[in-house]
Amino acid sequence: MARFARPSRAPLEYSRTLWMRLWVGAVMLFLYAPLIVLVIFSFNDSKRNVVWRGFTTRYYEKALGNDQLVEALFNSLTIAALATIVSLALGAVAAVMLWRFRFPLKGTVDGTISLPIIVPEICLGVAFLMFFARVGWPTDLVWPFNLGAITIAHITFCFPFVTMVVRSRLASFNREQEEAAKDLGASEWQMFRDVLIPHIRPALVAGALLSFTLSLDDFVITYFTSGPDTITFPVKVYSMVRFSVTPEVNAASTLLIVLTVILTFIALKLQGVKAIAETH
Amino acid sequence: MTGQDWKTNRRVFAAVSLPTLFWIILFFLLPMAIVWLYSFGENRGLTDIEISGTLDNYKRATEWLYLTIFGKSFAVAALVTLICLIVGFPVAMAITFANEKWRPWLLLGIMLPFWTNLLIRTYALMMLLGTQGFANKGLGALWEGTSWLKVLAGLQPLPTWEPVPLLFNNFAVVFGLVYVHLPFMVLPLYAALDRLDRSLIEASLDLGAGHFRTIMRIVVPLAAPGIVAGVMITLIPALGAYLTPDLMGGTDSQMIANVIERQFKKANDWPFGAALSFLLIYAMFILIALQSMRRKVPEAH
């Protein structure tokens, strides 16, 4: 019979059907083709960057020689590092609070902590613009203190993600370990440092990577909180894109894509593909 | 809810709660409160804003122009969500039923663009969709090919190819938003499908239902919470999208976030911008309330 002539597959192996493979392939192409074209055209020896005119690394030299761009990249990395450190501490502590204690208005506090994730970026950006204008936040501080406003804004939307990740990890913590530590005479601090922290370490790594990329990625909120002296990389690229489409923008973008890929590989090395996939 | 009562260990509770509460009150609730108060204010002179308790800003937001922009933002966000669902569902299915070795890599493949800078992804699409970009060249080649085939068949050739405007219009905005938000849809769908009891699907297939019928009658109802979660996770950011309509849209593709931005960066009408911001936030709350009404047991994301 004809139907037995088809290659045999178990009924649930949907991923082995041809149209399913084509679909996934098409989606991957859709997701990656624009980025690949962008990277290829960063080597294009043409100012208008529509037709391929030969290989050059000139635009990388130009991008790296662009002081404003390099400064913006440096600012972005500084903000991301600072925001990650504070978000980790704040997020972990908030997660421990919500996991360990019962207290009045707990539901409200819990909901409020996850609000910065839900509130649209544009509204958060507007809120920080008005807040810093209202409190008269100084804008003429020396580096890196002039990045304070942006860093504060970034921490506010990063730390709830850390709380979320750490909390789901804490759910698997065996409270008997805590009891054991206490019985053996550990103080609260020792218990926290030697028992709880090692348990939540994978979540902390995931949270740190998440915070770092979220901070590095953010355009909208930064756009509203940055001043003329505190340009970040996305804000700089935005003004370049608005102005014109040049290979220099491609080169700068490629550098950031490479950075993202490197970060992803560090994450893979630290945690393995499976763990990374599960944190989302 | 289990857990220790806060009174039994006040010192530790203070150590873990004070930093969190301090931050969330000072750097989140206070800024939001300022926006809320300003939305009842009016401009006095160039920089002075008086919080006079007026409702004029909200009244202005109900003008036809702004209502259409709100309506359009909803329509665009809903369309984007629907397309993401249709495109993303088979992908999530494929990942769920892929073999152990491939699954993490497929997931990573979906997640990597999600980690790449939004601005860069938007710019990459702009390059591709421009009048001289690859998308237009590809379409042009198809057109020429068809024309050539018609000539071969002895018919009139097609008129010369004119590049179609793929950028700076509503199409570009929807396309761009789908591109950006697709991973948001696939990941929760996958999480829901992965938890599914496979024996139910096998039973349905054994009892003679086709694959399509099994998916519609068994998989979709069982994965409903994940589908709702995916819809919300896509709909909410799409509704408040700023960058994509700003860079890829035309003059008639303004979404609500662009109007808000204009009040602050160009029109300098902060009270009106504040009112629009809060209307957007209220819209989100309504969406979330609708979602939690559907599900009796709220699930932590």
Dipole moment magnitude, nearest 20 debye, region B:1-129 about Cα centre, only Lys, Arg, Asp, Glu C-beta charged: 460
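Beyond a 27 Å Cα-Cα separation, which of these cross-linked pairs lie in this structure: A:Lys236/B:Lys59; B:Lys72/B:Lys137; A:Lys182/A:Lys269; B:Lys59/B:Lys265? If you can, show how the numbers build up before the last one.
Values: A:Lys236/B:Lys59 37 Å; B:Lys72/B:Lys137 31 Å; A:Lys182/A:Lys269 34 Å; B:Lys59/B:Lys265 22 Å.
Checking Cα-Cα distances, A:Lys236/B:Lys59; B:Lys72/B:Lys137; A:Lys182/A:Lys269 exceed 27 Å.
Normalised radius of gyration for chain B, please: alpha carbon Rg relative to 2.2 N^0.38 Å, two decimal places.
Numbers: Rg = 25.0 Å, N = 301, 2.2 N^0.38 = 19.2 Å.
Output field value: 1.30.
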Leading residue at positive end of dipole, the protein assembly as shown (Cβ point charges), from B:Leu26, B:Leu196, A:Tyr223: B:Leu196
Options B:Phe168, B:Val180, B:Tyr38, ranked by Cα towards positive dipole end of chain B, top entry (Cβ charges): B:Val180
MRE, 222 nm, helices only [DSSP H, n ≥ 4, -39500 (n - 2.57), over chain A, to nearest 500]: -23500 deg cm²/dmol
Nearest-10 value in Å² for the accessible area of A:Cys123, using the 1.4 Å probe: 0
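So what is the relative contact order of chain A, in percent, for Cα pairs below 8 Å that sit 6 or more residues apart? Don't skip to the answer; put the middle values down first.
On the way: 262 pairs, mean separation 85.1, N = 280.
The value is 30 percent.
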Amide H contacts of A:Phe101 (H built 1.01 Å from N, under 5 Å, at least 5 apart or other chain): B:Gln4
Between region B:238-296 and region B:104-149, the alpha-carbon center distance in angstrom: 27
For region A:110-133 versus region B:1-60, the gap between their alpha-carbon centres in whole angstrom: 10
With eigenvalues of the C-alpha gyration tensor scaled by 5 and rooted, region B:150-301, Å: 37, 33, 10
Cα shape, region B:1-51, gyration tensor, a/c 1.5 rule: prolate
Region A:43-85: relative contact order as a whole-number percent, Cα under 8 Å and 6+ apart: 23
Compactness of chain A as Cα Rg over 2.2 N^0.38 Å, two decimals: 1.27
Contact order normalised by residue count of chain B, Cα under 8 Å, 6+ apart, percent: 26
Set of lysines near A:Lys106 by C-alpha distance (under 20 Å), chain-local residues within fewer than 8 positions excluded: B:Lys7, B:Lys296
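By accessible area of protein heavy atoms, probe 1.4 Å, what ranking do A:Glu178, B:Glu162, B:Glu50 get, highest first? Could you put the intermediate results ahead of the total?
Details: A:Glu178 15, B:Glu162 130, B:Glu50 80 Å².
Descending order: B:Glu162, B:Glu50, A:Glu178.
Of B:His211, A:His199, which has the most accessible area and how do the rest follow, probe 1.4 Å?
Working: B:His211 75, A:His199 30 Å².
Largest to smallest exposure gives the sequence B:His211, A:His199.
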Pairwise centroid distance, computed over Cα atoms, of region A:220-270 with region A:81-106, Å: 29
Whole-Hz couplings from phi, Karplus 6.51/-1.76/1.60, listed for region B:129-135; x for Gly and Pro: 8, x, 4, 10, x, 5, 4
Values of log10 I(q)/I(0), in the order q = 0.05, 0.10, 0.12 Å⁻¹, for the protein assembly as shown under a Debye, Cα-only, solvent-free model: -0.24, -0.97, -1.36
Zero-based 10 Å bins, Cα pair distances in region B:144-228, whole percents: 15, 22, 18, 17, 21, 8
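The values are calculated or read from the model by the stated rules, or taken from the named source; none is laboratory data. Quantities reported herein were computed from a predicted structural model and do not represent experimental measurements. As a convention, Cβ positions derive from the backbone with ideal geometry for all residues, glycine included, and neighbour counts pool all protein chains shown. Please note that ligands, DNA and RNA were not included when accessible areas were found on the heavy atoms of the full protein model with its side chains. Shrake-Rupley method; radii C 1.70, N 1.55, O 1.52, S 1.80 Å.
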